[in-house]
1. Projecting each Cα onto the charge dipole of the chain (Lys/Arg +1, Asp/Glu -1 at the beta carbon, about the Cα centre), which of Leu43, Phe21, Val54 comes out farthest on the positive side?
2. Given the convex hull of the Cα atoms of the chain, what is a quarter of its surface area in nm²?
3. Given the -39500 (n - 2.57) contribution per DSSP H run of 4+ residues, what per-residue ellipticity at 222 nm results for the chain, rounded to the nearest 500 deg cm²/dmol?
4. Please report the net charge: other residues with Cβ closer than 12 Å to the Cβ of Ile18, K and R +1, D and E -1.
5. Could you list which residues have their amide H under 5 Å from that of Gln26, counting only those 5 or more apart in sequence or on another chain, with H placed in the peptide plane?
6. I need to check one value: relative contact order of the chain, counting alpha carbon pairs closer than 8 Å and at least 6 residues apart, in percent.
7. Take a quick pass over the stretch 2-59 and tell me how many lysine pairs come in under 29 angstrom between Cα atoms, counting only ones 8 or more apart or on separate chains.
Amino acid sequence: MEKLQQIREILDGMQKDIEKFYDKGQNAAGTRIRKELNNIRKLAAEMRKEIQDVRNSRKG
């Protein structure tokens, strides 16, 4: 559940950059958004592995 909380915090923190990119046309904000989305991707992959490990441990 810790990884899910980290993902939520990243998403909340991205809100201002999303507004800057789409509403104000700031390209640097787009770069920051892409960086944070990559961090979310990594956390999601770790979370998927943890879930699979828990599922496998329940089977055995």
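Quick note: the coordinates plus some simple rules give every number you see, no bench work behind them. Note that the coordinates shown come from a computational prediction; the quantities given were computed from them, not determined experimentally. Every residue, glycine among them, receives a Cβ derived from its backbone with ideal geometry; neighbour counts consider all protein chains shown.
1. In the chain, that residue is Val54.
2. Averaged projected area of the chain's Cα convex hull equals 4.1 nm².
3. -33500 deg cm²/dmol
4. Neighbourhood net charge equals 0.
5. So Gln26 has HN proximity to Phe21.
6. Relative CO of the chain lands at 34 percent.
7. The number of close lysine pairs in the stretch 2-59 is 16.
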